[in-house]
Structure formats: C-alpha cells, structure tokens
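Engineer: Below is the structure I would like to discuss, written out as structure tokens.
The values are calculated or read from the model by the stated rules, or taken from the named source; none is laboratory data. Because the structure is predicted, anything quoted here is derived from the model rather than measured. FYI the Cβ positions are ideal-geometry reconstructions off the backbone, even for glycines, and counts take in every protein chain you see.
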C-alpha cells in the first residue's frame, strides 16, 4: 500500500483550498495545511480563540506570548488581520461565515457524521473545545486523517461507533490512502493515492466506496 | 393646585440619582434630569444608540454630527466614556447593568405596569424604540410625567388602558403634583408638591393613594 | 485580497427588485447616504428596508420612501421628527410595517449572524408586540421567543476600511452597522477613508469576513 | 469614579467559599495569573471554576486544582497538555466536570450578560452533549436550547484599564475576558497598565459598567 506522508496529505488538502477562502484549521495535523497552499492564493485563517488572519509562525525569539492560535502555538498576524472576543469569534463560525474547516477525526460515517472529540474510554476526561461549533457552523468540512486507526480498524464506517461531534457535516475525507467525497449515496472515490488499488482501499474501509 | 415646573420636576428626580449610578434618560423631559444632578455626584449616562458616558451638550459650533444621543441631540463624551454597537448596547440594558432609567409615560398602573409607547389611536404608525428594552431590563424605573393628561383625565390608574410597555416595572412616579412609590399594595405617597393636599391629588388620581 | 469596488453604483449593482436590505445608522449618524442615493439611481424597487428609523425629510430612507421603492419597513421607531414620507405611505396603506423593539431588532440580527435559531427575551413580554409569539416563564420571569432576522443585503457606513473589507467606526456612528454586517448575505460598505494598507487589527469594528464589497465615499453629512 | 483597588489581595477579598468564579484566558494568553495567586492566598475553597481550559502545570487554575480549592469545573477543554492536576482530581473523583462546547460556553455567558432566557444553537445537536436538553427543528435544522450561564465573580486580565473600570485588550489575550465581564455579578480585573486618565473611548473592549474593581499587575507571563 502507498501511504501519503503527513506532509503530502497536507499538500493534497491545500490544493483544494481556493483563493480568497476563509479557513479554520483544527488542532493537530490540519495546522500543517497552511504551509502547503500554492503560491498566489491568499487564504485567510481563522482561529477560534479570537483572530482572523493568522500569519506564519514567528521567527525564534520573536514570539509574542499573548498571540497564539487555538492549538496554543505562537503565531503572527497576517496583513488584514483582526482580533475579537470569544462570543464574536464563535458567531463567525456558527453563523456560516467561515468557508472551510479542516478537522482531524476518529471516525467518519458514510452519511457525513463526524466523531472527533471522544472515544468509548470513559475513564479519560472528555474535552470538546470548538469542534462541535465548527461541525455545526462551517458549510464545508474537510476531514484529514489516517485511513485506519493504529490497531488497523477502519475509521471510515457505515455508522460511527464513537460519540458524535456533528451529524451529516463532513464534505470530503482526505486520508493517506485516498480522497473521498461524502455524497447522499455514501462515500464516493475522488482519487487513490498513486500506487493503490480500489480493492486494497475498500478492504480497509468499513463502508462501500462508490466510484 | 401647586404644580412643579418641568425644571423643578427634573431637579426633584435628580435628587434621587445617587453618586456612581449608571442611568439611562428617556427621550423628552427625562433628558433634562442630568442638568440638575447635585454637584459632587458623578452619574454615568448611557444612551442606547451606543455610548456610555454621555457628556454635556457641545458649545455652539463644536457639534460632532456623528456624536448624538438616543434623542438624536448632539452630545459630547464625558471622561471615562466608551462607544459600542447596538447589540452590545442593548445587552447592557437588558442584562440589568444600568441602575436606573428615567422615562416619560402616558399611564402608570398601581401594579407598576407602564404604558408609554402607543395610544389607542391606530391611525398613527406605532413606534417603540428602546422603551420596552429599558422597561424589561433596568431594575429601577423612574417615571417622570404630568399627573393628568391634557384633557384632565388621570394618568395614574388602577389598570392601564393604553397598550403596555412593560409589566410591573415602575418603581417610582414623579409628577408635577406628587411623588409616589409603586408598592405591592399600590401607590404610596412619598411627598406632595408643597401647597397641595392629599385630597386634591387623590381627586386627580385614578387609583387609591396610600399614605 | 481586494474587496474594493471603484464606485457606489457598482457597489449596489447586485441589489435586485424585492430584495431585503438592512440599512445602518441611527438618526442621521452612521447612515450610508452615498449607497442609498446610488440605490435610488440603480432603480431597485419593492424593497424591504430593515433599519432603526424610517428616514427623515427627503434624504436617505426618506428618499427611498418618497420614490416609492419600499414595500415594507421593519424598524423600531418610524416616527422620528420629519419622517413625513413614511407617514404618508403608511397612512395611504402603501407600505407594510413591522415594529420591533430596538434591542430585539439588534438581537434578532445578531442571532442571524451568529447562526442561532432564536432566543428568549424579556423585552415585550405581556405586550401587544408579543401577541402570537411563543412565550415562556423561566425562573419566574416571562420571556418571548424571537426569531433570527437576516437580509439579502446590508448597506453600511464606516469611518475607514481596507482592501480586506475590515471596517473601523467612529463615535456613535457605529450603532447598527456592525451587527447588520453579520446578518446580511451580502454586506456593502461606504467608507470615509479607504486605506490601501491594512487597518490596525486592534481597531477593527467589523472583520472583513462580514463584508463583501466596499467603496470610498468621503462626504460626511 | 474610581474603581481601582490598591492590590490583588483586596481585589479578591469579596470571594467567598463555594462561589462560582469565571476565569478569563485561553491557553496561557489572557489569564489573570495575579488574581488567581491572590485567590490562593485568600483561601477560598469549594469553588466552581468556569473557564475554557482547566489549567496547565502548577500555575493558574492548575494551582487552584493542586491545592484542592475547586469543587467543580465548567469548561470546554480540560485536557490541555500539562493539565495534570485536573486529570488527577478528575480520576480520583474529587471534582465535578461539566463539558460545554466552546462556542456554547461563550454564548451562554453572553446570554446571561445580555438578560436573555436562553437560545437555540445548532452546536451539539444529536450528540451526547445535548442529552437531556430540549431540542427543536427550525426550518429543517436541529437546535439545542441552552441556558444562560452567570457567575458570582469573574477574574479578568487586560492590557490597560482606567479608574472608570474601562478595559482595553491586546491581541488574542482578549478571548473570554469581555464576555465573562458581562456575565459575572462582580467582575475583577488585573491590568498591565493602570491609567489615571480615561482610555480612548474608541479602544475600550469592556466598558466600565461591567467591571466592579481593578488593580494593576504589570507582570506579563
């Protein structure tokens, strides 16, 4: 099996971010997408802690300890940025003003259900952050994740078994093995990572893949 | 009958505005209260179009055409002022943060019901502005009005006959003839304008006055 | 990113007959007079105008009413001194009117902009303006359920703007402009100063994400 | 008007055992570390802490947890890197936890500050966090009814303040501070710079009406 590296995966997602888009990048792998947006496209990044227009990581020694993103990383402000408080920041998200959110996931179902905030392990304290607000409010949700979990079990399923983050919200899933759209009929193949066959990927997927 | 002038009435209301209070003065007569607040008291005036800390009227020629109050009069900003947008301004009012509102009224009922936005004349277009928000949100509502209407009919009543602005919201009524509190038992006399008798005032009042 | 358009006419060009249009301002402060005049020249009619007031004299919304471009007004206070054209159209039965308490008007816009399905407000409970609406007593206090209010367009006035669509306001000219920007599907701003450089991010009153186009109109009323 | 108090200790003196306390900040930005340390010295216990995170390491909310001053946490994300004291108390069953989606947390505070009785939000509809809550389908979309969230106290951090209680914020240190100021019955701010002159009214992020006291604490983390 050919598997995209995290960096290749981020670059693949970045290809689908159009010029002028307002984008929220979730915690973890999605934060790497911005580094791969093709030259000539201006993308405006929102971070839910209260900034629109997140710029690149500051040079070492240039960090501003109060200027961070939702992943709590030091960031800069890009030209045209603005700051605002929490209620306004989430109004921006919930109100449908952000075009695209790129999120990680534990599981995605063929009806677009998203599970990315809690597992079935109740001993661990639950934490949701802004995940449910992004899922509910952003019209286009891209999920970026490994095709299967660490124990090899499928993450693309007929129905999620983990607690849901949002219902029917995922538009497209980017994995190391393939890119699939969520359609009214289920997962539809957009492309295979070069070198993989549909049969190979289907075998690692817990729901039918339409072509 | 002895009748307080508008200016005397404004001064009487002003006596009851404590130092440090946040106050909203309604359109019309209530706007004159601020000129009569005793020296040494700092009162902070809110105007619902988006300013906290309304200052005195500007000197002629010093008007800023964009800096107005809810009565659309030119104003200045007092030291410690701030500007904000409509949703925030009404959050301040509805959320109980303003201490006192001084409002005009068509009618006040003995249970504290307030009617100050519409009459029974349906041919005239209704207009409510911020009156209902003040009535609903400000914990202490002072009403400042003539004791009787132009045709001599009482404005202090057992029940309002005009459409209501708010239910059970009035704390105290200042008229040209008397000052009365709204209590669970009804109107209670605080003071008569010097020279008037209770019988005289009761005769012009549409509800019993307790003493 | 450059959201600027060269003139007022091009800014209002997308507005169609029958559109709902929020118009910023309170009294004569923060009113987008340039955009309103351009809308008159543009010719759109059958409009629903959503604003705090219903115009005064022959300018601004007053002029839209005089020229019979307005089918409905949603506002809190249509009865300002000089609102003669509103009164004339209303008395002649030529215009529909929905009166909304001012704070509820702002909050309904905020709910639309913030993706909320509605809210319980104490304002208007037990009054004529709550008739026909769902009510509920919560912790002993009465509330009215109010719905979000969005619009096809918003016409805004700001002191300064930049190519990203960020707007900065001045004194009480801010009023309804920021919340209308969030509630309209297409927000258009006239700005007194159009900066080619980004505004200071700390001073932005309306982040550019809420603004679809802006143009310079230096006249201050 | 002068809302300033001379030191952190006097600022937190009104906080009683069992009080609910909102604490501003996100990550380590905008956290009122000075007030939290003063609260520890003050000794109040059995607190309900309402904040986005549940502290990291042995500082801030982490220290309140370590010293066993907290009976309950209401937050969106208690599981930050280094939130060891929260995890220890939680696993030992020594602390109650209410997890609220971040936007719902902010909006519930705003509703409390704005005098609303509740609101319908799409966030969390159909998920475990909506269990037991009233839901409604409006225009084909599912919503959850959420209640306002107020608190006895709020501890805030701002860049600058003036004697009237006005606060100005800086970059992303703004976060939850403004909305918490509106939702608490008694809001206390530490400010990096205490000005004896009024702040520029255009730059005020929290109008003084929402702030009961403030004190200077110049340390930036």
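Engineer: Can you name the number of the only condition in (1) assigned to a loop (DSSP other than H, G, I, E, B); (2) touching a strand residue (DSSP E or B) at 6+ places or on another chain (Cβ under 9 Å); (3) more than 10 Å from chain D (Cβ to nearest Cβ) that residue A:65 fails?
Structural biologist: (3)
Engineer: OK, next. Just give me the residues in the stretch C:154-168 being out of contact with any helix residue (DSSP H, G or I) (no Cβ under 8 Å at 6 or more places or on another chain) and either more than 10 Å from every other protein chain (Cβ to nearest Cβ) or modelled with pLDDT under 95 (or both), in sequence order.
Structural biologist: C:160, C:161
Engineer: Can you pull out every residue in the stretch D:119-149 that is touching a residue at least 24 places away in the same chain (Cβ under 8 Å) and either facing chain A (nearest Cβ under 9 Å) or assigned to a loop (DSSP other than H, G, I, E, B) (or both)?
Structural biologist: Answer for the stretch D:119-149, where residues must be touching a residue at least 24 places away in the same chain (Cβ under 8 Å) and either facing chain A (nearest Cβ under 9 Å) or assigned to a loop (DSSP other than H, G, I, E, B) (or both): D:121, D:129, D:147, D:148, D:149.
Engineer: Okay, moving on. Pairs needed: first member in the stretch C:64-92, closer than 14 Å to residue B:72 by Cβ and more than 12 Å from every other protein chain (Cβ to nearest Cβ); second member anywhere, modelled with pLDDT under 95 and buried (at least 16 other Cβ atoms within 10 Å of the Cβ); C-beta distance under 8 Å; at least 6 residues apart or different chains.
Structural biologist: none
Engineer: Residue D:212 passes all but one of (1) more than 25 Å from residue C:201 (Cα to Cα); (2) surrounded by 24 or more Cβ atoms within 10 Å (Cβ to Cβ); (3) within 14 Å of chain B (Cβ to nearest Cβ); which number fails?
Structural biologist: Among (1) more than 25 Å from residue C:201 (Cα to Cα); (2) surrounded by 24 or more Cβ atoms within 10 Å (Cβ to Cβ); (3) within 14 Å of chain B (Cβ to nearest Cβ), residue D:212 violates only (2).
Engineer: OK, next. Output the number of residues of the stretch C:169-194 satisfying the condition of being outside any strand (DSSP E or B) and either touching a helix residue (DSSP H, G or I) at 6+ places or on another chain (Cβ under 9 Å) or closer than 22 Å to residue A:21 by Cα (or both).
Structural biologist: Of the residues in that region, 13 qualify.
Engineer: Kindly indicate the residue of the stretch B:8-36 that is part of a loop (DSSP other than H, G, I, E, B) and closer than 24 Å to residue B:89 by Cα and also nearest to the chain's Cα centre (by Cα) among those meeting that condition.
Structural biologist: That would be B:26.
Engineer: Moving on. Take residue D:69 and tell me if it is modelled with pLDDT under 95 and farther than 30 Å from residue B:80 by Cα.
Structural biologist: When the stated conditions are applied, residue D:69 does not pass them.
Engineer: Out of all the residues in the stretch C:175-199, which are farther than 25 Å from residue C:105 by Cβ and facing chain A (nearest Cβ under 9 Å)?
Structural biologist: Correct list: C:197, C:198, C:199.
Engineer: Select from the stretch B:153-192 the residues that are touching a helix residue (DSSP H, G or I) at 6+ places or on another chain (Cβ under 8 Å) and within 24 Å of residue B:101 (Cβ to Cβ) and list them in ascending order.
Structural biologist: Matches in the stretch B:153-192: B:163, B:164, B:165, B:166, B:169, B:174, B:175, B:176, B:177, B:178, B:179, B:189.
Engineer: Among the residues of the stretch C:77-84, are any more than 17 Å from residue B:118 (Cβ to Cβ) and either within 19 Å of the chain's Cα centre (by Cα) or buried (at least 18 other Cβ atoms within 10 Å of the Cβ) (or both)?
Structural biologist: Checked the stretch C:77-84: no residue is more than 17 Å from residue B:118 (Cβ to Cβ) and either within 19 Å of the chain's Cα centre (by Cα) or buried (at least 18 other Cβ atoms within 10 Å of the Cβ) (or both).
Engineer: Can you pull out every residue in the stretch D:85-111 that is in contact with a strand residue (DSSP E or B) (Cβ under 8 Å, 6 or more places away or on another chain) and part of a helix (DSSP H, G or I)?
Structural biologist: D:86, D:89, D:90, D:102, D:103, D:104, D:105, D:107, D:108, D:109, D:111
One line per residue, one yes/no per condition, for (1) under 16 Å from the mean Cα position of the chain (by Cα); (2) surrounded by fewer than 20 Cβ atoms within 10 Å (Cβ to Cβ):
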| site | (1), (2) |
| --- | --- |
| A:98 | yes, no |
| A:124 | no, yes |
| A:130 | yes, no |
| A:147 | yes, no |
| A:160 | no, no |
| A:164 | yes, no |
| A:178 | yes, no |
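Engineer: Let me ask something else about it. Taking the condition touching a helix residue (DSSP H, G or I) at 6+ places or on another chain (Cβ under 8 Å) and under 26 Å from residue A:193 (Cβ atoms), does residue A:49 pass?
Structural biologist: In short, no.
Engineer: Using the structure shown, decide if residue B:25 is over 25 Å from residue B:96 (Cα atoms), at pLDDT 95 or above and surrounded by 22 or more Cβ atoms within 10 Å (Cβ to Cβ).
Structural biologist: no
Engineer: Within the stretch D:137-146, which residues are surrounded by 14 or more Cβ atoms within 10 Å (Cβ to Cβ) and more than 13 Å from residue A:133 (Cα to Cα)?
Structural biologist: D:138, D:142, D:145, D:146
Engineer: Take residue A:101 and decide whether it is more than 10 Å from chain D (Cβ to nearest Cβ) and modelled with pLDDT of 95 or more.
Structural biologist: yes
Engineer: Please find, among C:170, C:192, C:174, the residue that is more than 22 Å from residue A:44 (Cα to Cα), assigned by TED's automatic domain parsing to the domain that holds residue C:23 and free of Cβ contacts under 8 Å to residues at least 24 places away in the same chain.
Structural biologist: That would be C:170, the only listed residue that is more than 22 Å from residue A:44 (Cα to Cα), assigned by TED's automatic domain parsing to the domain that holds residue C:23 and free of Cβ contacts under 8 Å to residues at least 24 places away in the same chain.
Engineer: Right, next: How many residues are under 22 Å from residue A:111 (Cα atoms) and touching a strand residue (DSSP E or B) at 6+ places or on another chain (Cβ under 6 Å) when one looks only at the stretch D:127-137?
Structural biologist: Residues that pass the stated criteria total 3.
Engineer: Now for a separate question. Give B:53, B:80, B:112, B:129 a once-over and let me know the one that is within 11 Å of chain C (Cβ to nearest Cβ) and in contact (Cβ under 8 Å) with a residue 12 or more places away in the chain.
Structural biologist: Exactly one residue qualifies, and that residue is B:129.
Condition check ((1) over 18 Å from residue A:202 (Cα atoms); (2) free of Cβ contacts under 8 Å to residues at least 40 places away in the same chain) across all residues:
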| site | (1), (2) |
| --- | --- |
| A:139 | yes, no |
| A:158 | no, no |
| A:164 | yes, no |
| A:173 | no, no |
| A:191 | no, yes |
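Engineer: Looking at B:39, B:19, which one is over 17 Å from residue B:144 (Cα atoms) and either at pLDDT 95 or above or within 13 Å of chain C (Cβ to nearest Cβ) (or both)?
Structural biologist: One residue alone meets the criteria, B:19.
Engineer: Moving on. Take the residues of the stretch C:28-47 that are closer than 20 Å to residue C:168 by Cα and surrounded by fewer than 24 Cβ atoms within 10 Å (Cβ to Cβ): which is nearest to the other protein chains (Cβ to nearest Cβ)?
Structural biologist: This residue is C:28.
Engineer: How many of the residues in the stretch B:68-84 are outside any strand (DSSP E or B) and surrounded by fewer than 23 Cβ atoms within 10 Å (Cβ to Cβ)?
Structural biologist: Residues that pass the stated criteria total 3.
Engineer: So, one more: Consider residue C:116 carefully, then state whether it is buried (at least 21 other Cβ atoms within 10 Å of the Cβ) and either within 11 Å of chain B (Cβ to nearest Cβ) or within 29 Å of residue B:93 (Cβ to Cβ) (or both).
Structural biologist: yes
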